[in-house]
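Some notes on the structure that comes next.
The values are calculated or read from the model by the stated rules, or taken from the named source; none is laboratory data. In this text the structure is predicted, and so the values were computed from the model without any measurement. Backbone-built Cβ (ideal geometry, glycine too); neighbour counts: all protein chains shown. To get the accessible areas, we keep the full protein, side chains included, count just its heavy atoms, and leave off ligands, DNA and RNA. Shrake-Rupley method; radii C 1.70, N 1.55, O 1.52, S 1.80 Å.
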Amino acid sequence: MQELPKNLDYSQIETKWYQHWLSKKYFHSTPDEREPYTIVIPPPNVTGVLHMGHMLNNTIQDILIRKARMQGKNACWVPGTDHASIATEAKVVNLLKEKGIDKKDITREEFLKHSWQWKEKYGGIILKQLEKLGASCDWDRTRFTMEEDLSNAVIEVFVDLYNKGKIYRGVRMVNWDSKGLTAVSDEEVIHKEVNSKLYYVRYKIEDSADEYITIATTRPETILGDTAICVHPNDERYQHLKGKSAVVPLINRAIPIIFDEYIDIEFGTGALKVTPAHDINDYNLGIKHHLEVIDILNDNGTLNEKAQLYIGEDRFAVRKKIAIELEEKNYLVKTEDIKNKVGFSERTDAVIEPKLSMQWFLKMDEMANPALENVLNNNIQLIPEKFKNTYKHWMENVHDWCISRQLWWGHRIPAWYDEKGNFVVAKTEEEAANIYKEKFPNLNAQISNLKQDEDVLDTWFSSWLWPIAVFDGFKNPEGKDIQYYYPTNDLVTAPEILFFWVARMIMAGYEYRNEKPFSNVYLTGIVRDKQGRKMSKSLGNSPDPLDLIEKYSADGVRTGMLFCSPAGNDLPFDEKLCEQGRNFSNKIWNALRLVKSWDIDVEKQENRNENNLSSNPIFIWFENKLELLKENLEKAYQSYRISEALIEMYKFIWDDFCSWYLEFIKPPFGEKIDAVSYQKTVEYFETLMQLLHPFMPFITEEIYHQLNNENDIIVSAYPSINAYKIELIQEGEKIKEVISVVRDVRNKNGISPKNKLTIFIQTNNKSIFEKYNFYLEKIANVNTQFTDKEIENTVTQLVQTDKIYIETGIEINTESEKEKILAEIQYYTGFIASVEKKLSNEKFVANAKPEIVENERKKLADGQSKLKALQESLSKL
């Protein structure tokens, strides 16, 4: 007997066991003869702090890695952080502003010095926070996307792809972030529905007295960059305008009226203003019709000299002013309030401006082919599979990737230019000079003036190499690590980065290893609040994960996150789920306290009529049900239904173990328990803790040791699945059902559990009840008798096809009994009809698995037996 504290200090055991695991190097992995199991963490921004999405994502990764470790695999979970060009540069710019320093007033070298100082001081906080969650990462392998080896890999890949003709430089329409002062990729643009105005503006037809053509636009400030008006060639309204020009309002520039089938005759006025510098579709029209391109915007979103008006003013201020001026000068026909989708920068939330810019691009068409093929053929599994169609659509319509960013923090593009704009691409300045000599032999005098490109590479251009780079696959392609750990096993990430991270990693994998980077991609949902809103700081609806851990324990928060997180579906988070998780920990702890409070009588026989251990029905029932649990857990793991696996564990421990098994087995008050029953209980408890450990690592490690284990659960062998018989489980379930109906009758009739009742059992299979009789009488506090006829003045309960007559000593209300039986008859009649309908469906019978069809037939037979028994009871009443 051992007295344990009533309440467990979760914070204390979390610190104790995490430090213990670290000291034992349990998280560390090196290549050996075991089967590897590898996960690379989606590297969080170095600027980041732990949020609810990280909590979910990393909990799932930790569950998978802990299970693999217990299964004897060489589990390797590689952590690290991403340098996050835009986010980090913004942080440093703001930090400098607080010190009275403007970025434009210091050199690049000085800025980078400040950036590295910030990174060393604040970067990586999130990794320390993950330790609080219990993340069992191999911290010795922590990587950073701008560390020397990984930076070298990025430069090497850029040079290689350039030499292969896959990277090129050119003027293209890009998404311009006027706040971040950089181009961003399509995937970094968030489209939001906003309230806007549609302005109908009329343009005078050149050399006419009073003829006008009207267009509609949401961006009247771009009128100043118009170089054409376009109408459909079949639009009868405008046939007479062929060969004519219109005049741009306010600035009186004549522009041609062009005809193109791109125009939708039915939309608006059927006439479109064409501004090639500020709209991708207009840009394409401009190329086709050889139109002039007039870029009226500065990089910061203000108007430049080419606009002629409002020079130096912000685009949105101009929008309001120009609308007023157009109205005053009789060019504005009308305005309408509309809702439309507008692109915003994911990083700065600035409205994206389509802008022509000289950028670096990576051709995606060829690289996309193996990345698409190997997802469609399931060589790489997307989980859930519903994302496959979305992935297919994106990959079949992929655009070249704009990989340059107008920033200083990041991997500087390895291109060197002379004063005339000629350039070469090389890994180093020295190599660049040598290549320049060969490429431009007549310009050797320019070599000393070569200057490196000012731009850096898109952050994703480094993180797409992550699964290879973290194992030094570029530095040492034949090295032990890359040969052993690559390809990795599972990637756990969010659907919103499926394309601009996951797809690109697959491309890089086939480009540089001719192999997939991972086998399975588990896509989590978005964490939302109870109102369905995405959690965010701005809405104030995102709790601090560390506060939750302090309040509910790490295990409580881990389980709380998983109670409502099916793969790929959004997670409606409720803090009460974390409370439920903590209560589950308390339940398990109290179960341990109960077991440890028992005194053991080593001489006492096991509490049965028979002395043969194998014949104890409670052990038989529980062991068979435990094997079924293991099988169900493994099926859930195999199909990545992690949430279902946890719920299965939760129900089994709370109900089958705590509420039933321990009640069956515990000795009467003041008595001792026999040694065999105690040892069996401890063994079951240990097994359950091993199965639960991946989900709740701290409480399980503590209890495992409290059960007198010298070894650590984290490296114990994960329980294997053994054979079981479903009929032996069903026998125990029937006894539970009989006990439950007796308890229900007591509750409804106000009969104390202390009052012993007599029950009469009418059954065709007495052996089950005889086998379990000791436990049935003990737990239900009844005397049992068998009968082959109905017992009058008793409460009749149907348990499967058996009838239980409960003698309560209370006069039976016949009408009430009739109502109850009629209600059950109605239920089973409907139930039978639904099963018969399913079985009469030829498609279901032909396509469903045989065991599912057989299960439906069994449900039908059971339902029909119950209905028959109920009808007999009703007729007797």
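Quick notes on this one:
- For region 66-131 versus region 743-802, the spacing of their alpha-carbon centroids is 67 Å.
- The Rg/Rh ratio for region 817-877, using Cα coordinates for both the radius of gyration and the Kirkwood hydrodynamic radius, is 1.11.
- Anisotropy class of region 720-877 from Cα gyration tensor, a/c 1.5 cut: oblate
- For the chain, the Cβ-based charge dipole about the Cα centre amounts to some 940 debye (Lys, Arg positive; Asp, Glu negative; other atoms uncharged).
- Label-point separation in nm, GLU777 to GLN406, each point 7 Å along Cα→Cβ: 9.0
- Full extension of the segment from GLN785 to LYS838, taken as 0.36 nm per residue of separation minus the current Cα-Cα distance, would add 15.1 nm.
- Between 0 and 90°, nearest 10: helix 10-23 axis offset from the chain longest Cα axis: 70
- Within the accessible area of the chain (1.4 Å probe), percent carbon and sulfur: 47
- 21 Å Cα-Cα reach of LYS244 towards lysines, excluding residues that sit fewer than 8 places from it in its own chain: LYS204, LYS273, LYS288
- Cα-based shape type of region 423-476, given that a ≥ b ≥ c are square roots of the gyration tensor eigenvalues and the cut on a/c is 1.5: prolate
- Candidate aspartates and glutamates for bridging to LYS439, where Cα separation is under 16 Å - those fewer than 8 sequence places away on the same chain excluded: ASP418, GLU419, GLU429, GLU430, GLU431
- Relative packing of peptides 66-76, 290-300 - highest average C-beta neighbours within 10 Å first: 66-76, 290-300
- Förster radius 45 Å - calculated FRET efficiency between ASP32 and VAL189, Cβ distance, rounded to 0.05: 0.45
- Between ILE447 and SER597, residue separation times 0.36 nm minus the direct Cα-Cα distance comes to 45.6 nm.
- Distribution of pairwise C-alpha distances over region 30-86, 5 Å bins, in %: 4, 17, 23, 21, 15, 10, 7, 2, 0
- Reduced Cα scattering model of region 451-602, Debye log10 I(q)/I(0), q = 0.18 Å⁻¹: -1.05
- Most to least packed among 593-602, 362-371 [average Cβ atoms within 10 Å]: 362-371, 593-602
- Remark: the LYS530-GLU454 segment gains 22.7 nm on full extension, using 0.36 nm per residue and subtracting the alpha carbon distance.
- When the C-alpha to C-alpha distance is required to be over 26 Å, the pairs from LYS104/LYS534; LYS576/LYS651; LYS104/LYS197; LYS388/LYS475 that qualify are LYS104/LYS534; LYS104/LYS197; LYS388/LYS475.
- Normalised by the number of residues in region 687-792, the mean separation of alpha-carbon contacts (under 8 Å, six or more apart) gives a relative contact order of 20 percent.
- FRET efficiency estimate (nearest 0.05) - Cβ-Cβ, THR814 to ASP160, R0 60 angstrom: 0.10
- If you wrap the tightest convex hull around every Cα atom of region 512-581 and split its volume per residue, you get 135 Å³.
- Overall shape: oblate for region 584-683, with the ratio a/c of the largest to smallest alpha carbon gyration tensor axis at 1.5 or above and b/c at least equal to a/b.
- Accessible area per residue for region 720-877 is 60 Å², calculated with a 1.4 Å probe on protein heavy atoms, without ligands, DNA or RNA.
- Look at where the Cα atoms of region 650-675 and of region 6-56 average out, and the two centres are 33 Å apart.
- Distribution of pairwise C-alpha distances over region 312-417, 5 Å bins, in %: 2, 7, 10, 12, 13, 13, 12, 10, 8, 6, 4, 2, 0
- Part-to-part distance (alpha-carbon centres) for region 564-604 and region 387-444, which is given in Å: 56
- With Cα atoms as the point set, the radius of gyration and Dmax of region 615-671 evaluate to 13.9, 48 Å.
- Convex hull of Cα atoms in region 384-476, direction-averaged projection (nm²): 9.4
- Evaluated at q = 0.05, 0.10, 0.11 Å⁻¹, a Debye calculation over the C-alpha positions of the chain (equal weights, vacuum) places log10 I(q)/I(0) at -0.44, -1.17, -1.32.
- To the nearest ten degrees, helix 365-376 and the longest principal axis of the Cα atoms of the chain are 10 degrees apart.
- Considering all different alpha carbon pairs of region 201-341, the Kirkwood hydrodynamic radius works out to 15.4 Å.
- P(r) weight above 18 Å for region 270-342, C-alpha pairs, percent: 55
- The simple spin-label model puts a point 7 Å past each Cα toward its Cβ; for SER865 and LYS321 those points are separated by 8.7 nm.
- Rounded tilt (10° steps) of 315-328 against the dominant C-alpha axis of the chain: 60
- Under the convention that each Lys and Arg Cβ holds +1 and each Asp and Glu Cβ holds -1, the size of the dipole of region 1-126 around its Cα centre is about 60 debye.
- Along the axis of the charge dipole computed for region 580-703 (Cβ charges of +1 for Lys and Arg, -1 for Asp and Glu, origin at the Cα centre), the listed residues PHE584, PHE664, ASN624 are led at the positive end by PHE584.
- As a length-normalised measure over Cα pairs under 8 Å and 6 or more apart, the relative contact order of the chain settles at 12 percent.
- Residues in region 38-60 that a label on GLU550 would reach, taking backbone N under 16 Å of a point 7 Å out along Cα→Cβ: 50-51
- The alpha-carbon atoms of region 133-283 define a convex hull whose volume equals 224 cubic angstrom per residue.
- Mean shadow area of region 162-208 over all directions, Cα convex hull, nm²: 7.7
- Förster radius 45 Å - calculated FRET efficiency between LYS604 and LYS128 (Cβ-Cβ, nearest 0.05): 0.30
- Kirkwood-Stokes translational diffusion coefficient of region 1-160, alpha-carbon pairs, 25 °C, 0.890 mPa s, µm²/s: 134
- Mean residue ellipticity at 222 nm, helices only, the chain: -13500 deg cm²/dmol; runs of at least 4 DSSP H residues each add -39,500 (n - 2.57), and the sum is divided by the number of residues.
- Placing dummy labels 7 Å off each Cα toward the beta-carbon, the span from ALA846 to ASP105 is 8.0 nm.
- The count of lysine pairs in region 822-877 with alpha-carbon distances below 16 Å, taking only pairs 8 or more places apart or on different chains, stands at 12.
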